[in-house]
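Any read-out appearing in this document is the output of simple, stated calculations on the displayed coordinates, not a laboratory observation. Keep in mind that this is a model prediction, so the values were computed, not measured. With ideal geometry, Cβ positions are generated from the backbone for all residues, glycine too; neighbour counts draw on all protein chains shown.
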Amino acid sequence: MAEQVQDDSKRDFLALSAYVTLGVGTVAGTLGILSSLTPSADVLALASIEVDVAALEPGQAVTVMWRGKPVFIRRRTAAQIDEARGVALGALKDPQTDADRTIEGKEEYLVVVGVCTHLGCVPKGQKDSDVRGDFNGWYCPCHGSHYDISGRIRKGPAPKNLEVPEYAFLSDTNIKIG
Amino acid sequence: MSQGNQYKGFAGWLEKRLPIISPADHFFNHYPTPRNLNYFWNFGAIAGLLMGLMILTGLVLAMQYNPSTLHAFDSVERIMRDVNYGWLLRYLHMNGASFFFIAVYIHIFRGIYYGSYKGQREVLWILGVVILLLMMAIAFMGYSLVWGNMSFWGVTVITNLFGAIPVVGDTLVTWLWGGFSVDNPTLNRFFVLHFLLPFVLLAVVGLHVLALHQVGSNNPLGIDMKGPQDSISFHPYFTMEKLFFIGAFFTIYFLVVFFAPNMMGEAINYEPANPLSTPEHIVPEWYFLPFYAILRSIPDKLGGVIAMGGAIVILALLPWLDRSPIRAARFRPIFQVMVFIFVIACIILGFVGAQVPADPFTIYGVEVFFGWSVLTVGQIFTAAYFGFFVLLPFVPLFERPRKMPRSIAEAIDGHA
Amino acid sequence: MRLMKIIPAALLGLTLATGASTSALASGEGVELKHQHWHFQGFFGQYDKAAALRGFQIFEEVCSACHAAKYFRFRDLEALGLSKDQVKAIAANHEVDAEPNEEGLTHDDNGERLKRTALQSDVFPAPFPNEKAAASIHGKAPPDLSLLAKSREGGADYIYSLLTSYIDADHLSEEQQAKAGDLYYNAAFPGNVIAMGPPLSDESVEYVDGTEATLDQHAKDVAEFLMWVAEPNLDNRKRLGWAVLLFMIAFTIMAYLAYRRVHARVHNEPANGPWPLH
């Protein structure tokens with residue numbers, strides 16, 4: 001009788017380990033299959049881009065595509081920088097200084113993702129003929145969000161400032177985004 | 001209605017509201033299985049599992065594939081190069097088709113050898129033939145999606161077969177293509193059907209299993225179970241055995257996927273489809289070779305198509321062609337020899353289908369059959385293939401069955 | 001019972017053999033392949049990255065003058081051990097078609113295609129804008145090389161053999177000379193008459209790594225490179241393959257032991273199914 005019991009537990013242990021191994025294999029396989037849906041190598045290869053802004057005059061802006069989204073690059077005039085820096089933090093919905101949003105020594109250039117933080121529309125303001133909103137920055141026509149010249153939300157339903165992507169100056173006029 | 005009461009907790013709660021626990025319980029725990037099943041009885045489960053894997057890998061591949069003649073080949077290469085584990089999914093899917101057919105062919109030969117189409121199993125068997133036909137259609141269309149040069153010419157040649165049908169042939173082929181040659185419309189509809197039909201297959205497999213559980217499993221003796229002494233529970237006995245077999249089979253499958261993934265494929269299919277250049281030697285995938293050999297053995301276009309189609313359809317008639325009341329070939333000396341010849345004929349036809357008709361027939365470079373041409377050998381074994389079915393009704397007239405045990409229990413316990 | 005165990009194995013073997021036989025078949029007539037030992041062969045074989053990089057150098061300096069490789073991107077070279085910066089530097093030596101400029105133009109006033117410096121993410125530029133342009137110069141469009149090692153019977157052996165099996169006119173019989181005509185005679189090419197002249201000879205390329213520059217070495221290296229371009233995931237595949245294989249063997253052994261154990265009690269436990277069955 002005792003032998004029988006021992007036998008049974010041994011059998012159960014063997015069966016159990018087989019089932020557990022099967023389970024581990026199945027989970028690993030499923031994760032492998034699911035990971036095929038993450039961004040592929042060709043997508044990742046375009047995850048960072050380089051932009052030459054040598055041709056950009058103060059007051060001009062350029063829009064480039066990065067990871068399927070528009071990125072606004074604006075070379076600001078001295079007056080615009082002063083305007084952006086002159087705003088009190090208390091007046092901001094998403095408080096952030098202009099210095100936090102630009103690179104020191106390169107304050108002239110503002111680089112932001114051109115996607116409204118409300119529901120993903122592309123704000124107006126890149127072209128000279130565009131409506132710039134109440135704060136002379138960008139204006140989202142979808143639900144009326146107003147951004148200032150630092151890309152910060154000043155009025156309207158958007159909860160956050162325009163996102164500043166990870167970027168760096170490779171040379172004086174060559175920006176690497178991403 | 002009181003059935004729900006035998007399950008406790010959540011199972012009981014659910015069973016009262018949705019009767020899915022009791023059938024599952026019945027399938028696994030109360031499905032009496034003959035005690036004497038041998039290893040051949042594992043290939044159905046293996047095929048089922050492979051079908052699941054094919055649907056799963058196919059689903060994620062379809063999310064990356066682009067069914068347009070301009071992008072199909074590129075998108076497959078993108079899967080192979082850029083998609084995370086894309087190469088693995090593609091190789092699993094591509095070789096999975098081959099191993100699915102290996103499992104199913106063994107399953108079919110097992111059914112024939114042990115007379116598994118007898119004893120109220122006609123519907124079960126016919127559903128099996130439907131599964132085979134569906135598999136062939138799905139595999140054929142799947143192969144075309146790669147849009148390599150063999151894909152393109154394979155589709156061209158096979159769809160042209162329908163042109164052999166009198167009167168409507170040409171119209172039918174144009175309709176199939178959606179144009180005047182195999183082109184974008186063809187690829188698009190093949191993609192849609194290659195995606196859809198596996199789910200139809202899944203449903204037919206469901207019916208196949210349902211029919212099996214209605215009649216019960218056949219067994220190597222071909223004697224019905226007469227009582228509990230002849231049977232054991234499916235779980236854990238056969239679940240465990242199947243688990244082991246699945247492990248062994250998949251080890252071989254993975255061996256091919258990881259170390260020789262292109263072994264069963266055609267090199268030329270890594271060249272994009274080119275409507276201006278036919279490959280020198282058009283060969284279908286290996287699992288079609290016996291049928292392709294039968295097609296080429298008949299010197300007439302329509303005759304060849306009829307023979308090829310007939311070779312599959314005639315399987316469905318087996319329950320009526322075989323008039324012997326005895327199932328298992330081991331008790332039927334003539335039938336036993338016939339089945340062996342039939343299996344050998346299928347394998348040789350496989351070799352025939354891969355070779356150029358006018359060349360002398362070889363197996364791995366060795367000339368067998370006295371240097372006869374591939375065509376001649378093909379015709380002889382096509383005759384053998386159909387001969388099996390033609391002679392079958394007459395076998396009981398000559399055959400003296402061997403002595404059979406009275407029951408499964410007697411056969412086992414008598415020797416034990 | 002033993003027979004029952006052998007038959008499935010035999011059937012499986014035969015079915016596999018039938019499959020294998022189809023691919024072993026199509027190598028054309030009159031083709032003499034010189035079989036080489038390759039680093040990437042076998043269960044443990046991996047690419048010889050140094051050889052593949054030398055092969056890339058040959059591809060870049062010689063082959064790419066006529067042949068495209070449309071699935072080969074500069075960034076792929078990172079897998080051969082080059083750093084991002086090295087790859088970037090290599091890409092910077094090449095120009096690719098520029099995207100339409102501000103005015104939406106792709107050609108300048110002289111009708112020349114506008115170009116820009118290649119990036120790592122770019123495909124290695126093709127020598128001709130399209131197949132017809134390639135064919136108009138060479139008589140026949142030179143095939144794309146990115147899948148050549150997989151689309152030709154013999155793979156790397158074929159590429160090596162092709163590059164080393166040119167026979168010059170002096171050594172040809174009159175019959176062979178007549179067959180070749182204005183083209184070239186190659187013992188490894190199906191049909192033997194090839195439009196491509198011998199692309200490589202001793203010292204075609206001066207190797208960066210100082211390897212002796214013989215035709216044999218060039219041919220081996222370029223074949224290694226083209227195999228890698230055709231099947232870049234081979235190394236990963238085999239590595240993962242071993243892990244999966246060992247896992248499967250462990251699982252199969254475990255399932256086998258459990259199965260034996262469970263079957264030991266077959267005799268004393270009949271099914272509790274409903275009887276009679278129907």
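List B:L210, C:L234 from most exposed to least, where exposure is judged by having the fewest other Cβ atoms within 10 Å. Can you show the working numbers first?
Numbers: B:L210 14, C:L234 17.
The fewest-first ordering by Cβ neighbours comes to B:L210, C:L234.
Counting only complete DSSP H runs, which helices of chain B cover 18 Å or more along their long axis at the Cα atoms and score a mean Kyte-Doolittle of -1.0 or above?
Details: long enough: B:43-62 (27 Å, 2.28); B:86-113 (40 Å, 0.88); B:122-145 (35 Å, 2.24); B:184-215 (46 Å, 1.42); B:239-259 (29 Å, 1.80); B:301-316 (24 Å, 1.96); B:333-353 (30 Å, 2.60); B:374-391 (25 Å, 1.81).
Span-like helices, by this rule, are B:43-62, B:86-113, B:122-145, B:184-215, B:239-259, B:301-316, B:333-353, B:374-391.
How large is the dipole of the stretch A:45-177 about the Cα centre if only Lys and Arg carry +1 and Asp and Glu carry -1, each at its Cβ, rounded to the nearest 20 debye? Walk me through the numbers before you get to the answer.
Working: 17 positive and 18 negative charges, 100 e Å.
Charge dipole of the stretch A:45-177: 480 debye, to the nearest 20.
If you average the alpha carbon positions of the stretch A:122-166 and of the stretch B:215-271, how far apart do those two centres end up, in angstrom?
Cα centroid of the stretch A:122-166 versus Cα centroid of the stretch B:215-271: 63 Å apart.
Between the alpha-carbon centers of the stretch B:12-86 and the stretch C:103-152, tell me the distance in whole angstrom.
43
How about A:K124: which lysines have a C-alpha closer than 21 Å to its C-alpha, ignoring those fewer than 8 places off in the same chain?
A:K69, A:K93, A:K155, A:K160
What ranking do B:H107, B:H281 get, fewest neighbouring Cβ atoms within 10 angstrom at the top? Walk me through the intermediate numbers first.
Numbers: B:H107 22, B:H281 15.
Lowest count first: B:H281, B:H107.
Work out the count of Lys pairs in chain B where the Cα-Cα distance is under 20 Å, with the pair 8 or more places apart or on different chains.
Values: B:K8/B:K16; B:K118/B:K226; B:K118/B:K403; B:K226/B:K403.
Here the count comes out as 4.
Would you calculate the separation in nanometres between label points at C:Q176 and B:T171, each defined as 7 Å from the Cα along the Cα-to-beta-carbon direction?
Placing both labels 7 Å along Cα→Cβ, they lie 5.9 nm apart.
Please report the net charge: other residues with Cβ closer than 12 Å to the Cβ of A:P95, K and R +1, D and E -1. If you can, show how the numbers build up before the last one.
Values: positive: A:K93, A:R101, A:R152, A:R154, A:K160; negative: A:D94, A:D98, A:D100.
Value of the local net charge: +2.
Cut-off is 10 Å between beta-carbons; in what order do B:Y65, B:Y7, A:Y147 appear when sorted fewest neighbours first? Let's see the in-between values first.
Values: B:Y65 21, B:Y7 16, A:Y147 29.
Ordered by Cβ neighbours within 10 Å, fewest first: B:Y7, B:Y65, A:Y147.
Assuming R0 = 51 Å, what is the FRET efficiency of C:E102 and B:I20, from their Cβ-Cβ distance, to the nearest 0.05?
Working: r = 64 Å, r/R0 = 1.26.
Approximately 0.20, to the nearest 0.05.
With each label point set 7 Å from Cα along the Cα-Cβ vector, what nm distance links B:A260 and A:L44?
So the label points at B:A260 and A:L44 sit 3.2 nm apart.
Please give the length that would be gained between C:H94 and C:N130 if that part of the chain were fully extended, namely 0.36 nm times their separation in residues minus their C-alpha to C-alpha distance (nm, one decimal). Walk me through the numbers before you get to the answer.
Working: separation 36, 0.36 × 36 = 12.96 nm, distance 1.82 nm.
Taking 0.36 nm per residue and subtracting the Cα distance, the gain is 11.1 nm.
At R0 = 41 Å, how high is the FRET efficiency between C:K84 and C:E112 if r is their beta carbon distance? Nearest 0.05 is fine. Spell out each step's value before the answer.
On the way: r = 31 Å, r/R0 = 0.76.
My answer for the efficiency is 0.85.
How much net charge surrounds B:V390 when only other residues with a Cβ under 15 Å from its Cβ are counted (Lys, Arg +1; Asp, Glu -1)? Don't skip to the end; give the middle numbers.
Numbers: positive: B:R323; negative: B:D322.
Summing Lys and Arg as +1 and Asp and Glu as -1 gives 0.
Expressed as a whole percent, how much of the Cα-Cα distance distribution for the protein assembly as shown exceeds 53 Å?
On the way: 118267 of 379756 pairs.
Within the protein assembly as shown, distances greater than 53 Å cover 31 percent of Cα pairs.
Quick one: which of C:114-126, C:146-158 comes out on top by average Cβ neighbours within 10 Å, and what's the full order, highest first? Before the final figure, lay out each step's value.
On the way: C:114-126: 17.3, C:146-158: 22.4.
Going by the mean number of other Cβ atoms within 10 Å, highest first, we get C:146-158, C:114-126.
Taking R0 as 22 Å, what FRET efficiency do you get between B:R400 and B:W320 from their Cβ-Cβ distance, rounded to the nearest 0.05? It would help to have the intermediate numbers written out before the result.
Numbers: r = 23 Å, r/R0 = 1.04.
So the FRET efficiency works out to roughly 0.45.
When Cβ neighbours within 10 Å are restricted to other protein chains, what is their mean count per residue of peptide C:100-107? Intermediate results must be reported in sequence, preceding the final value.
Working: counts 0, 0, 1, 0, 0, 0, 0, 0.
That works out to 0 on average.
Over every pair of different alpha-carbon atoms in the stretch A:45-177, take the mean of 1/r and invert it; report that Kirkwood radius in Å. Numbers along the way, then the final one.
Details: mean 1/r = 0.0678 Å⁻¹.
For the stretch A:45-177, inverting the mean 1/r across all distinct Cα pairs yields 14.8 Å.
Return the Rg/Rh ratio of chain B with Cα-based radii and a Kirkwood Rh. Walk me through the numbers on the way to the answer.
Details: Rg = 23.5 Å, Rh = 23.7 Å.
Rounded to two decimals, Rg/Rh equals 0.99.
Residues of C:237-249, mean number of Cβ from any other protein chain within 10 Å of their own Cβ, rounded to a whole number?
On the way: counts 7, 2, 1, 6, 7, 2, 2, 11, 5, 0, 7, 12, 3.
Per residue, the average neighbour count from other chains is 5.
Measuring from the lowest to the highest alpha carbon on each principal axis, how far does the stretch B:1-107 reach, largest first, in angstroms?
61, 37, 22
List, in the order given, every pair from C:K115/C:K220; C:K70/C:K238; A:K127/C:K70 whose Cα-Cα distance in the structure shown is over 31 Å.
C:K115/C:K220; A:K127/C:K70
Which net charge results for the neighbourhood of B:Y114, defined as the other residues with beta-carbon distances under 14 angstrom from its beta-carbon, given Lys and Arg at +1 and Asp and Glu at -1? Let's see the in-between values first.
Working: positive: B:R110, B:K118, B:R121, B:R327, B:R330, B:R332; negative: B:D224, B:D322.
Net local charge, B:Y114 excluded: +4.
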